[in-house]
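Have a look at the structure below before the remarks.
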Amino acid sequence: MENKQISISSFGGPEQLVMHSAEVPTPQAGEVLVKVAFASVNPIDVKTRAGLGWAAEQNKDHLPWVPGYDISGKVEAFGEGAQRFVKGDNVAGFIGFPLKGGGYSQYVCVPENDLSLVPDAITLEAAAALPLAGQTAAQALNKAELQEGERVLILAGAGGVGHLAVQIALATKAEVYTTCSEDNLDYLATLGAHAINYNFEPASQRLDNVDVLIDLVGGEVALDALKCLSDNARVVTVPTISAEMICEKAQMLGFSATGMLVDPQPEQLDTMLYMVSVGLLKVEIFKTYPMSAAVDAHKQIESGHTRGKILLDMQS
Ligand SMILES: NC(=O)c1ccc[n+]([C@@H]2O[C@H](COP(=O)([O-])OP(=O)(O)OC[C@H]3O[C@@H](n4cnc5c(N)ncnc54)[C@H](OP(=O)(O)O)[C@@H]3O)[C@@H](O)[C@H]2O)c1
């Protein structure tokens, strides 16, 4: 059997992503071998490929590196003692985060406890899109302790994390405001959010008395959004690069503020898969690329204007 992978041998532009063949790995004790159906592409894959951020710093002496943290697929084989699944089960997982990655592979070994069983009602596409973005959305809202009836502003509600954060916040019965370009106004309004076109005017011109800010953009955009907040508001800023600066400014203004690094929690993914299966959460797939077009998939994420998630089809 062949195991095609997409890897980088040095940091740089999307063209650094190259397909090669590797051995199909053998599952060790407690692991299962997964035949990967879909891998999702996240901004952290793109930043690490470019040599930016902590995962790049840690991996720079260990290239080549195979990106990818989100997978769905079928269980193929078992290491000693692995007994949670049977051959052919559909599984999904948030794997190898943040150092190892490895999701852009046709076959990957994963500790069985890191995987969730995908309910029959959910496609493998939706299951691959959910882990990193869904858990970031849920954990950001949990950190902010968003309560029923509160006003929350989610910057970048149309993105991979944002569209799930909007829906989870609405399920909490919060009043949800979000920012997007004109192209996404209808989409976000249909989900049930009050959508603000950031190209027309900054959020601070349109909104006040916000209890919770979930910042998925960072930088100047986040600093502007601080002007929308009520006394004692809570801020969670998700992009790591500007987190320190935004937290300092927010705290100077009297708000509680924190950055975050998403933490893979298989039980939380179980819950989100259940929410999708009963229609409480809808996963938006912008486009699925064959694995041979990983370069185009990274270019799309770099455009900064992906609605929902994009996937690599690892068997095409
Ligand atoms: N700390 C962590 O653990 C963690 C985890 C996950 C993600 N992140 C970070 O969180 C950020 C969001 O991740 P993501 O996966 O959601 O990214 P994404 O899917 O690439 O976000 C794309 C979205 O951003 C929107 N957008 C672009 N510029 C905007 C602006 N000025 N105002 C409002 N919306 C804007 C776009 O909407 P329009 O097309 O309508 O402009 C698009 O829908 C990234 O920086 C990512 O690296 C951090």
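The values are calculated or read from the model by the stated rules, or taken from the named source; none is laboratory data. Computed from a prediction, not measured in an experiment: that's the story for all the values here. Cβ: placed from backbone, ideal geometry, glycine included. Neighbour counts: every protein chain shown. Side chains are part of the model used for accessible areas, which takes the heavy atoms of the whole protein and leaves out ligands, DNA and RNA. Shrake-Rupley method; radii C 1.70, N 1.55, O 1.52, S 1.80 Å.
Taking the stretch 226-237 on its own, how many of its residues are under 22 Å from Lys173 (Cβ atoms) and open to solvent by less than 10 Å² (accessible area, probe 1.4 Å)?
Number of matching residues: 4.
Check off (1) farther than 26 Å from Ser181 by Cα; (2) of a type in the set (S, T, N, Q); (3) away from the ligand (no atom under 13 Å from the Cβ); (4) touching a helix residue (DSSP H, G or I) at 6+ places or on another chain (Cβ under 9 Å) for Gln265 and give me the number that stays unchecked.
Just one mismatch for Gln265, condition (3).
Test Leu185 against the criterion of being part of a helix (DSSP H, G or I), in contact with a helix residue (DSSP H, G or I) (Cβ under 8 Å, 6 or more places away or on another chain) and closer than 25 Å to Asn42 by Cα, and give yes or no.
No.
Filter the stretch 18-45 down to the residues that are over 20 Å from the mean Cα position of the chain (by Cα), assigned to a loop (DSSP other than H, G, I, E, B) and crowded, with 20+ Cβ neighbours inside 10 Å and list them by number.
Result: Pro27, single match.
I need every pair where a residue in the stretch 250-271 that is under 16 Å from Val210 (Cα atoms) and of a type outside the set (D, E, K, R) has its Cβ under 7 Å from the Cβ of a residue that is open to solvent by 30 Å² or more (accessible area, probe 1.4 Å) and away from the ligand (no atom under 16 Å from the Cβ), sequence separation at least 6 or different chains.
Gly254/Asp231; Phe255/Arg234; Ser256/Arg234; Ala257/Gln251
List every residue pair whose Cβ atoms sit under 7 Å apart, with the two residues 6 or more apart in sequence or on different chains, where the first one lies in the stretch 33-51 and is within 12 Å of Ile301 (Cβ to Cβ) and the second, anywhere, is hydroxyl-bearing (Ser, Thr, Tyr).
Close Cβ pairs (under 7 Å, with a partner that is hydroxyl-bearing (Ser, Thr, Tyr)) amount to Asn42/Tyr69.
Do you know which residues across the stretch 119-165 are among the polar types (S, T, N, Q) and open to solvent by less than 20 Å² (accessible area, probe 1.4 Å)?
Gln135, Thr136
All but one of (1) under 16 Å from the mean Cα position of the chain (by Cα); (2) free of Cβ contacts under 8 Å to residues at least 40 places away in the same chain hold for Leu130, so report the exception by its number.
Among (1) under 16 Å from the mean Cα position of the chain (by Cα); (2) free of Cβ contacts under 8 Å to residues at least 40 places away in the same chain, Leu130 violates only (2).
Kindly establish whether Val221 is within 13 Å of the ligand (Cβ to nearest atom) and assigned to a loop (DSSP other than H, G, I, E, B).
For Val221, the condition - within 13 Å of the ligand (Cβ to nearest atom) and assigned to a loop (DSSP other than H, G, I, E, B) - is not met.
Can we say Thr271 is open to solvent by 50 Å² or more (accessible area, probe 1.4 Å), within 12 Å of the ligand (Cβ to nearest atom), outside the structural domain of Val34 (by TED's automatic domain parsing) and among the hydroxyl-bearing types (Ser, Thr, Tyr)?
Against the criterion (open to solvent by 50 Å² or more (accessible area, probe 1.4 Å), within 12 Å of the ligand (Cβ to nearest atom), outside the structural domain of Val34 (by TED's automatic domain parsing) and among the hydroxyl-bearing types (Ser, Thr, Tyr)), Thr271 does not qualify.
Return the total of residues in the stretch 46-83 being touching a strand residue (DSSP E or B) at 6+ places or on another chain (Cβ under 8 Å) and not in a strand (DSSP E or B). Even if it seems obvious, please write down each step before you answer.
Kept after step one, since they are touching a strand residue (DSSP E or B) at 6+ places or on another chain (Cβ under 8 Å), are these residues of the stretch 46-83: 48-49, 59, 63-79, 82.
Those still in the list that are not in a strand (DSSP E or B) too: 48-49, 59, 63-64, 66-69, 79, 82.
Selection size over the stretch 46-83: 11.
How about the stretch 276-297: which of its residues are open to solvent by 50 Å² or more (accessible area, probe 1.4 Å) and of a type in the set (Ser, Thr, Tyr)?
Selection gives Thr288, Ser292.
Going by the structure shown, is Ser204 more than 9 Å from the ligand (Cβ to nearest atom), small (Gly, Ala, Ser) and farther than 18 Å from Leu280 by Cβ?
The answer is yes for Ser204.
Quick check on the stretch 298-316. Is at least one of its residues away from the ligand (no atom under 12 Å from the Cβ), open to solvent by 60 Å² or more (accessible area, probe 1.4 Å) and part of a loop (DSSP other than H, G, I, E, B)?
There is at least one residue in the stretch 298-316 that is away from the ligand (no atom under 12 Å from the Cβ), open to solvent by 60 Å² or more (accessible area, probe 1.4 Å) and part of a loop (DSSP other than H, G, I, E, B).
Does Met245 meet the test of being within 16 Å of the ligand (Cβ to nearest atom), under 25 Å from Glu112 (Cα atoms) and in a helix (DSSP H, G or I)?
Values: within 16 Å of the ligand (Cβ to nearest atom): yes; under 25 Å from Glu112 (Cα atoms): no; in a helix (DSSP H, G or I): yes.
Against the criterion (within 16 Å of the ligand (Cβ to nearest atom), under 25 Å from Glu112 (Cα atoms) and in a helix (DSSP H, G or I)), Met245 does not qualify.
May I ask you to list the residues in the stretch 95-106 that are open to solvent by 20 Å² or more (accessible area, probe 1.4 Å) and not charged (D, E, K, R)? Reasoning before the result, please.
Of the stretch 95-106, the ones open to solvent by 20 Å² or more (accessible area, probe 1.4 Å) are 96-100.
Passing the criteria: Gly96, Phe97, Pro98, Leu99.
So that you can scan it fast, the table gives a plain yes or no per residue for (1) closer than 17 Å to Asn113 by Cα; (2) touching a residue at least 40 places away in the same chain (Cβ under 8 Å):
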site: Glu2; (1), (2): no, yes
site: Ser21; (1), (2): no, no
site: Gly30; (1), (2): yes, yes
site: Gln58; (1), (2): no, yes
site: Asp61; (1), (2): no, no
site: Asp70; (1), (2): yes, yes
site: Ala77; (1), (2): yes, yes
site: Glu80; (1), (2): yes, yes
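Taking Met1 as meeting all but one of (1) open to solvent by less than 50 Å² (accessible area, probe 1.4 Å); (2) at pLDDT below 95; (3) among the aliphatic types (A, V, I, L, M), write down the number of the exception.
With respect to (1) open to solvent by less than 50 Å² (accessible area, probe 1.4 Å); (2) at pLDDT below 95; (3) among the aliphatic types (A, V, I, L, M), Met1 is out only on (1).
Select, from Thr240, Thr190, the only residue that is in a loop (DSSP other than H, G, I, E, B) and open to solvent by 20 Å² or more (accessible area, probe 1.4 Å).
Only one candidate passes the filter, namely Thr240.
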